[in-house]
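First up is the structure itself, then whatever we jot down about it.
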Amino acid sequence: MIEPPNGEPSLSLEAEGIRKSFAGTPALRGVSLSVRAGEWLGLLGPNGAGKTTLMRVIAGLLPADEGEVSLLGRRVDAVRTAEERDVIGLVPQELALYPTLTAEENLRAFARFHGVAGGMARERVDWALGWTGLAERARERVATFSGGMKRRLNIACAVLHGPRVLLLDEPTVGVDPQARQRIWSMLGALREEGVAIVHSSHQLDEVEATCDRVVILDRGEPRRVGAVADLLRDLRGSHRISMRFDATPTVAFGPSFEVDGATVTGALEDPARDLPELLAKASESGLSLLELKIEAPRLEDLFTALTGEGLRE
Amino acid sequence: MIRTLLWIGWLDLRRDRVALALTFALPLAFFSVFASVFGGLDDGGGRTVKVAWVAEEATDVTARLRANMEERFGLRIAPATDPAQEPADLITSGTADVVVVVPAGLSAALTSLGATGAPEVSLYANDANPLAAPIVRGALEAALFDVVVDSLPEAVADRVAASAVRIRTERPLGGGAKKPSIAFFAAGIGVMFLLFSLSGRSSILIEERETGVLARLMASRLTLGRLLVGRWLFLVLLGCAQISVMFVWAAFAFGLDLFTPRHLAGSAIMTVMSAGAAAAFGLLLATLCRSRAQLSGISSVVILVMSALGGSMFPRFLMPEGMQQLGRFTFNAWALDGYQKVFWYEAAPLELWRECAVLAAATAVLLGLALVMARRSVRDGV
């Protein structure tokens, strides 16, 4: 395992100006990102945005046409040493497991492929079985597991060797809420240990709840990078307001509001500032407020605003 | 890491009972059918000719004639149950391949050395079995000669027997093999199923690609070259086990002369070389195909064509010259030539160098191509 250079906090992963084309079609057009130790970075984008290609370049599976990747502060080439490979743990979107092998056998196999053998391998396999909650099913074939169990094992197989950077490609596809919670708690524990996580997902609510920062990719280009809260703050006028009165309003609330019977809906940039004024206007016109709903801006709104609503495939 | 790949391959095979049966039991069943059908050729093949005997006279001479044909040529001769039945009916009903009609007066003619004239023996043959008539005719002529000689005074008979031209068959290329056709079918069917089973098992590369395991492996310390070598090694071991089981079965069930030092050494060398080439071939196909269905379809066509041309289904020496030459582009042909040298010509291991060199070269080229294709596949993100 290569060690980070002296000085904290370190960048666990840095990608600078990554470009990649397939048969002349650009998939990545100069993407840059960085992740610190213990940071959880969300990678968002519609299908075909270049998320998986970026992951593959970072993991060393694909050589970039241009740009650099650095791991723990050191630049790495496309052809990597065993130590450089050990920095990364890759969790593919597919269930990258051998279904005819048991959970324990899968873990042992992938540990060995990362150079973890002997007593250390046994220790790490036992740890992984406990971590995933699969200790009691350790000797059962993976083919008999539920989707959630397979997903947990899929992640565990990528962290046996103690990677400092974890690349997750849609790690919770097709699992129930309980299994998803378990996975988040597993990944949260890794973050606590200083593992940098890059998490590609279409589940925007999850990314919003878990990630420190997000990168929104579209057509191979980063459209927005930053902390979720900052990005949402930038998404002006995105608080959705819904007010239901005792009668149909006759007063005008503004161009961004629509009236449908006794219900008025619209968007406010800053509800704390603007809502009292609206309510006062309603009260002055003799309306009594029966119900008020305020929906905070969501990542989905930002995502749609940046990438559009049209289908990409 | 290669050990881990072997371990995974073994567990995967052991737990897939259908694959296990297809790998070992199906070739044995297939071979057993062929060996049972064609194994009799090693004993002269006469037993496969059914002869109906229609005698218009029943004498000691005709009985000796028939017995001579049965004993010397292994023919199955049955007297027609209904002498009035037409020979054509005996043939069309499947009772006989050849009908021999012995005319009245034959005994007298033979024992009188032609003094009573020479009656004609009639043979009725079925064109559907073109070998039957010449075999029966040859046997009948030899038996007639023996009966005539037996009828001569002893002194004359001895002189005739002494002056008779003898034909001796020599086998300059060894020729001591027992059950050569069993050896041919064991090798031929063995190599064909070797190709089928190893290309089938090579699909693990496609599964690994489809399930993302390949991406995970390539992100580990395992390199693509090591992965291919590990997979190749497993397939070679599997192929060796498959062919060995086939030969041992052929030895115990059909009397193949396997357990001599020369045969064991020669067959072991050819088995390793054949399995190596077949494994490399399977891996190349797997790296060329995008799906298991594609691999299954393409490998079936290619293997059947190679097996037909290469002599796995039909001996190459019975093929037209052009086809024989074409067959040399398949490694079935080289593998079978090697086994033929071992079991038919008693060749020493060193005499197998040409076949081994060709198979080793094929292995190297096919593995190299498989590596190139696999790299391209990973690079293109397929």
Can you confirm whether A:Arg273 is free of Cβ contacts under 8 Å to residues at least 40 places away in the same chain, outside any loop (DSSP other than H, G, I, E, B) and over 30 Å from the mean Cα position of the chain (by Cα)? yes
Of all residues in the range A:4-19, count the ones that are surrounded by fewer than 23 Cβ atoms within 10 Å (Cβ to Cβ), out of contact with any Lys or Arg (no Cβ under 7 Å at 6 or more places or on another chain) and either modelled with pLDDT of 90 or more or within 27 Å of A:Leu302 (Cα to Cα) (or both). 4
Tell me which of these A:Glu83 doesn't satisfy, since it passes every other one: (1) within 14 Å of chain B (Cβ to nearest Cβ); (2) closer than 27 Å to A:Ala121 by Cα; (3) at pLDDT 90 or above. (3)
What single numbered condition from (1) within 19 Å of A:Arg213 (Cα to Cα); (2) hydrophobic (A, V, I, L, M, F, W, C); (3) in contact with a Lys or Arg (Cβ under 8 Å, 6 or more places away or on another chain) fails to hold for A:Leu62? (1)
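Check whether at least one residue in the range A:20-36 is of a type in the set (D, E, K, R) and at pLDDT below 90, and report yes or no.
Within the range A:20-36, not a single residue is of a type in the set (D, E, K, R) and at pLDDT below 90.
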Going through the range B:217-263 in order, the residues found to be surrounded by fewer than 18 Cβ atoms within 10 Å (Cβ to Cβ), within 23 Å of A:Phe110 (Cα to Cα) and without any contact (Cβ under 8 Å) to a residue 24 or more places away in the chain are B:Thr223
Within the range A:42-64, considering residues that are within 12 Å of chain B (Cβ to nearest Cβ) and out of contact with any helix residue (DSSP H, G or I) (no Cβ under 8 Å at 6 or more places or on another chain), the one farthest from A:Pro163 (Cα to Cα): A:Gly50
Being charged (D, E, K, R) and surrounded by 22 or more Cβ atoms within 10 Å (Cβ to Cβ) narrows it down to one of A:Arg122, A:Arg164, so name that one. A:Arg164
Residues that are surrounded by fewer than 17 Cβ atoms within 10 Å (Cβ to Cβ), at least 3 per element: which helices (runs of 4 or more DSSP H) completely within the range B:283-382 meet that? B:292-310, B:321-327, B:353-379
Could you go through the range A:111-134 and let me know if any residue there is farther than 29 Å from A:Val76 by Cα, away from every other protein chain (no Cβ under 12 Å) and in contact with a Gly (Cβ under 6 Å, 6 or more places away or on another chain). no
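Listed here are the residues, each with its yes/no results for (1) under 30 Å from B:Asp150 (Cβ atoms); (2) away from chain A (no Cβ under 14 Å); (3) at pLDDT below 85; (4) out of contact with any strand residue (DSSP E or B) (no Cβ under 6 Å at 6 or more places or on another chain).
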position: B:Leu6; (1), (2), (3), (4): no, no, no, yes
position: B:Asp16; (1), (2), (3), (4): no, no, no, yes
position: B:Phe34; (1), (2), (3), (4): no, yes, yes, yes
position: B:Thr81; (1), (2), (3), (4): yes, yes, yes, yes
position: B:Ala84; (1), (2), (3), (4): no, yes, yes, yes
position: B:Ser93; (1), (2), (3), (4): no, yes, yes, yes
position: B:Asp97; (1), (2), (3), (4): yes, yes, no, no
position: B:Val100; (1), (2), (3), (4): yes, yes, no, no
Conditions (1) more than 12 Å from every other protein chain (Cβ to nearest Cβ); (2) touching a residue at least 40 places away in the same chain (Cβ under 8 Å) -> A:Ala27 fails only (1)
Any residue in the range B:336-350 that is of a type in the set (Val, Ile, Thr), under 19 Å from B:Ala275 (Cβ atoms) and touching a residue at least 12 places away in the same chain (Cβ under 8 Å)? yes
Yes or no: B:Ser274 part of a helix (DSSP H, G or I), exposed (fewer than 15 other Cβ atoms within 10 Å of the Cβ), more than 14 Å from every other protein chain (Cβ to nearest Cβ) and polar (S, T, N, Q)? no
Looking only at the range A:67-80, filter to residues that are buried (at least 18 other Cβ atoms within 10 Å of the Cβ) and of a type outside the set (Lys, Arg); which one of those is farthest from the other protein chains (Cβ to nearest Cβ)? A:Leu72
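In this structure, is B:Glu120 exposed (fewer than 13 other Cβ atoms within 10 Å of the Cβ) and modelled with pLDDT of 80 or more?
yes
Being out of contact with any strand residue (DSSP E or B) (no Cβ under 7 Å at 6 or more places or on another chain) and within 17 Å of B:Arg221 (Cα to Cα) is the filter; apply it to the range A:86-96 and report the residue that is farthest from the other protein chains (Cβ to nearest Cβ).
Filtering first and then ranking leaves A:Asp86.
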So, of the residues in the range A:212-222 that are out of contact with any Leu (no Cβ under 6 Å at 6 or more places or on another chain) and surrounded by fewer than 23 Cβ atoms within 10 Å (Cβ to Cβ), which turns out to be farthest from A:Gly48 (Cα to Cα)? A:Asp212
Tabulated pairs, the range B:317-332, first closer than 17 Å to B:Cys356 by Cα, second in a helix (DSSP H, G or I) and at pLDDT below 85, C-beta under 7 angstrom, 6+ apart or interchain: B:Gly327/B:Arg316
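So which residues in the range A:97-110 are more than 10 Å from every other protein chain (Cβ to nearest Cβ) and farther than 21 Å from B:Arg226 by Cα, if there are any at all?
Those that are more than 10 Å from every other protein chain (Cβ to nearest Cβ) and farther than 21 Å from B:Arg226 by Cα: A:Ala103, A:Glu104.
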Restricting attention to helices (runs of 4 or more DSSP H) lying wholly within the range B:51-119, give those where 1 or more residues are touching a residue at least 40 places away in the same chain (Cβ under 8 Å). B:60-73, B:106-111
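The values are calculated or read from the model by the stated rules, or taken from the named source; none is laboratory data. Keep in mind it's a predicted model, so treat the numbers as computed, not measured. Counting neighbours? That spans all protein chains shown, and the Cβs are built from the backbone with ideal geometry, glycine included.
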